[in-house]
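Working notes, beginning with the structure itself.
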Amino acid sequence: MRACVLTTVHIYNDNRIFFKQIPTLLQGGYQVTYIAPCPPEVSYLKGIDLIPLPQIPRSRRPLNWGRALGAALQSRTDIFHFHDPELIGVGLLLKLLTRRPVVYDIHENYPEVMLSRLWIPAGFRPTVAKGMNLLEWLAARIFDGVVVANEPTYGRFQRANRRPVLVRNFVDLHSFDEAQESAPLKLEAPYFIYSGLLSRDRGALDCLAAFERLSGERKDAGLVLVGRLDDADPSVTNLSHRLPRGAHLLPEQPFRRLPPLLKGARAGMVTLYPTPNYLEILPTKLLEYMAASIPVIAYNLPLVRPIVEEASCGLLVEPGDIEQMAKAMAHILNHPTEAQEMGRRGREAVVERYSWEREGKKLIGLYQDLLGQGAPNPAGEAKDG
């Protein structure tokens, strides 16, 4: 059987799509056509029928919608699986023109995301959010399957779609632990790490502020920020020119280069602000830090707190409390044995409860259901575990 995976927003090596879902489909015996934005040097991926799209600015992305639609129609696939709300129209056309199953994969609560998008004029955001909510609800009534990454979004779609499946963004320990490339940066000083999109509402600037306070006492400490600058957030513009001594900024890295960088850190920073969208997200970076056997310093959010407390794998900080964060960083440095135990317990929790293997089976179950290859994968079963 053939599966066609489409995205116009995420780069080809997106963690959830490329390093988790596609390998799961390949292992399940599916041939995969992958349509995704790629840099010019990427035109071939082993084992995958790659159809690269140009990487273009947001304002020109509609050009890629037509390219993606045309490529998908030529793929002669058995099932389509798309990952972006902007491709809902493409998904509808694929269903109408081919009569084949179409799956919509929802990474975030997009109506809530619209309320915080700086590129949308503030006065229009509530209207855009309501429109997105209506569009997704209508689309879910038409598409054959909806895959969601978190429990709150699952609840939204459970009533609208016959087959919502909760496939959480847990850690693929096999790809995390296999031979990796060398770290893109080697530091002698003990360092903390922030990995992910760099913006104010994700707490990147808070990490810098806390590190500046820490460095007044521990001049041997370092901080590594690794990720893409949010081009819609002016507060991080020219961030590389405003770094304090001991802080390093790395561009977004291929996933295979992240594990050695994480494993070398003293702790990982999870600093999402309690905006409506982030209140519903389990940060993938939290689980990746735990998989790397390092403790976490995390903002005290509803989906983060129970994991950190149950595993005893780090320290919780109230969102925006720079002084408390600096003290947590100092505590990690001053109590290395305790920090090492936190990291060990975090790794154990990932192995026992937060690995990708079970989540991937849910995705295969949905495909089998839609293609008539096996027993249905009921929504209740997807929600458990």
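The numbers here are math on the coordinates, done by the rules we state, and not lab data. Just so it is clear, the model here is predicted, and its values are computed rather than measured. Here the Cβ is made from the backbone with ideal geometry for all residues, glycine too, and neighbour counts use every protein chain on show.
Sorting the segments 312-319, 75-82 by their mean number of nearby beta carbons within 10 angstrom, highest to lowest, gives 75-82, 312-319.
Sorted on the mean count of surrounding Cβ atoms within 10 Å across their residues, most packed first, peptides 348-356, 141-149 read 141-149, 348-356. In this structure, the pairs whose alpha-carbon distance is over 28 Å, taken from Lys95/Lys130; Lys219/Lys263; Lys285/Lys361; Lys20/Lys219, are Lys20/Lys219. The overall shape of segment 175-353 is rounded: from the C-alpha gyration tensor, with semi-axes ordered a ≥ b ≥ c, the ratio a/c is less than 1.5.
Count the net charge of all other residues whose Cβ sits under 15 Å from the Cβ of Ala328, scoring Lys and Arg as +1 and Asp and Glu as -1. So the environment of Ala328 carries a net charge of -3. The alpha carbon centroids of segment 53-104 and segment 23-39 are separated by 15 Å. For the listed peptides 130-137, 32-39, a ranking on the average number of other beta carbons within 10 Å per residue, highest first, reads 32-39, 130-137.
All other residues whose Cβ lies under 11 angstrom from that of Pro274 are scored, Lys and Arg at +1 and Asp and Glu at -1, for a net of -3.
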